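Okay, structure first, notes after.
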Amino acid sequence: MPNHADIVIVGAGAAGLAAGIFAAETNSELRIRLLDGAKSIGAKILVSGGGRCNVTNQKVTASDFHGHRKSIDRILRRFDEQATIRWFDSLGVPLRPENTGKLFPISNTARSVLQALLQRCAVLGVSLLPHHRVLDITKDHDMFVLHHSQGTLTANQVILATGGQSLPKTGSDGSGWRLTTRLGHTLTPIAPALVPLLLDPSFFHANLSGISHDVMLTTRVNHKMIDRRCGSLLWTHFGISGPVVLDASRFWVLAEKHGHNVQLHLNCFPESTPKDIEQWFMQAAGAPGRKTVESLLAERLPTRVATHIAQFGQTELAHSTANFLSKENRRALIHMLTDLPLPVIGSRGWNFAEVTAGGIPLTEINPNTMASKTVPGLYLIGEMLDCDGRIGGFNFQWAWSTGYLAGQHAARKQRKEKSPIPQHQ
Ligand SMILES: Cc1cc2nc3c(=O)[nH]c(=O)nc-3n(C[C@H](O)[C@H](O)[C@H](O)COP(=O)(O)OP(=O)(O)OC[C@H]3O[C@@H](n4cnc5c(N)ncnc54)[C@H](O)[C@@H]3O)c2cc1C
């Protein structure tokens, strides 16, 4: 039956490719097909990590993700970062850690990652079908019927790996969720995450474009703090980016989507309390030599940042002599430096988001197998699920871990084996 497969995987991104490889390694006799709507496979892998692909992180725990933490923990334990390192080594792509904890291929190219995955699929006989967009999936007794852009295909089991909606031009346009909800699953509200934020054009950010420095960002929703994190912020012509902004963005975007009052506050001195800053300011201002507020702040901040924040409240403040500042003005300045409300007006949207917040709830799948609790024979993996990781290789780790579990389990089920899936050695 040429139009029948034992396992069909929909979506040949990181999660789908991993699932295909692990299914075929578990049972080499299975007919496994990987369908993808895109003309060429792996576009998102190629652009990832600035073209270098941050494959995983030295330390991955459930707390690096947002979603149902108990399920995430269970899933990650079955195929953790060490398993990923060993697996990529076995694929001929040794990984190397950077001092941030991120692991990249020694080759420094995302292409080497994609090529290794595609080569492994070819060796194992996993049939890759690009330009096959799946339009609908129905169930006829125990058989799945997949209606795709080139015809139909039947399958005993289906692994859905259609991704979220980030960077839709790569093929992940959210259509996979429709397939899943038509089969009976639900979907939590979704939003772009790991996404740069836009600031009101009247703010001073454009003057600082290209400058990055360490800050603390606090997100308050309905006046309650829901997130606080430190890291590098990059000022841009449109607003703010950089790791700390990308990680914080999901909170702002989701709160705004729900119509909440959300505010993002900037602290330029993440290591010190306002009291420490005031003490330092008074000491430094009182030292010999007449320093302006601007030149004094420039000792600890990039000069342009110091100038614009000092000028933000009062135009003349930056050029005032620091030692002559009234207590009131000094406190107002320090407040601005440590708790400046940023006028966020939106995010750069799906075309600039690295990942999707929200998706199919993890409570609807079995975390030991990635099998749907609603539809027997269906598995859900990767970014389409309600789980998003922070910057640092965590989202790919999620793709490899979920792909491993679904691929192995679907192949074992096909063999009708009852033995449990071992932890990857
Ligand atoms: C610019 C950028 C850089 C990134 N860098 C990193 C990084 O360095 N490290 C990291 O950990 N994460 C990174 N990420 C996130 C990471 O790439 C994703 O989380 C991960 O690729 C998700 O894998 P996935 O297989 O679940 O989904 P995807 O990679 O999105 O794959 C889904 C596939 O399904 C196909 N598809 C969708 N709908 C259908 C349909 N109806 N029929 C058939 N096929 C369909 C799509 O064409 C696509 O190929 C980055 C993301 C972006 C956008």
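A few remarks follow.
- Label zone at Thr363 (point 7 Å along Cα-to-Cβ), backbone N below 12 Å, region 374-410: none
- A cut-off of 5 Å between modelled amide H atoms, ignoring neighbours fewer than 5 places along the same chain, links Gly42 with no other residue.
- Relative contact order of region 201-305, pairs being alpha-carbon contacts under 8 Å that are 6 or more residues apart, as %: 27 percent
- Estimated FRET transfer efficiency (Ser63, Ser28; beta-carbon r; R0 60 Å; 0.05): 0.95
- Using distinct alpha-carbon pairs, which all enter the 1/r mean, Kirkwood radius of region 6-120 in Å: 15.2 Å
- FRET E, pair Ala287, Asp339, Förster distance 30 Å, beta-carbon r, rounded to 0.05: 0.70
- For region 176-242, taking the reciprocal of the average inverse distance between every pair of different Cα atoms yields a Kirkwood hydrodynamic radius of 14.7 Å.
- Rg/Rh for region 133-186 (Cα atoms only, Rh after Kirkwood) is 0.98.
- Rounded tilt (10° steps) of 274-286 against the dominant C-alpha axis of the chain: 40 degrees
- Thr152 versus Asn222: modelled label distance in nm, points set 7 Å from Cα along the beta carbon direction: 4.9 nm
- With Cα atoms, 0 to 90° folded angle of helix 243-257 axis to the chain main axis: 80 degrees
- Using a simple spin-label model with pseudo-atoms 7 Å out from Cα toward Cβ, Arg74 and Glu328 lie 6.1 nm apart.
- FRET efficiency estimate (nearest 0.05) - Cβ-Cβ, Glu299 to Thr188, R0 41 angstrom: 0.30
- Normalising by residue count, the chain has a Cα convex hull of 143 Å³ per residue.
- Semi-axis lengths, largest first, of the ellipsoid equivalent to region 196-348 are 28, 16, 13 Å, with √(5λ) applied to each eigenvalue of the Cα gyration tensor.
- Pairs with C-alpha atoms separated by more than 25 Å, drawn from the list Lys102/Lys257; Lys44/Lys102; Lys373/Lys413; Lys70/Lys373; Lys169/Lys257; Lys291/Lys327, are Lys102/Lys257.
- DSSP-defined beta bridges in the chain - what % are antiparallel, rounded to 5: 75 percent
- Ordering of 356-367, 133-144 by packing [mean C-beta count within 10 Å, highest first]: 356-367, 133-144
Bear in mind these aren't lab numbers, they're just calculated from the coordinates by the rules spelled out. Please read all numbers here as calculations on a predicted model, not as lab measurements. Glycine gets a Cβ as well: all are built from the backbone with ideal geometry, and neighbour counts include every protein chain shown.
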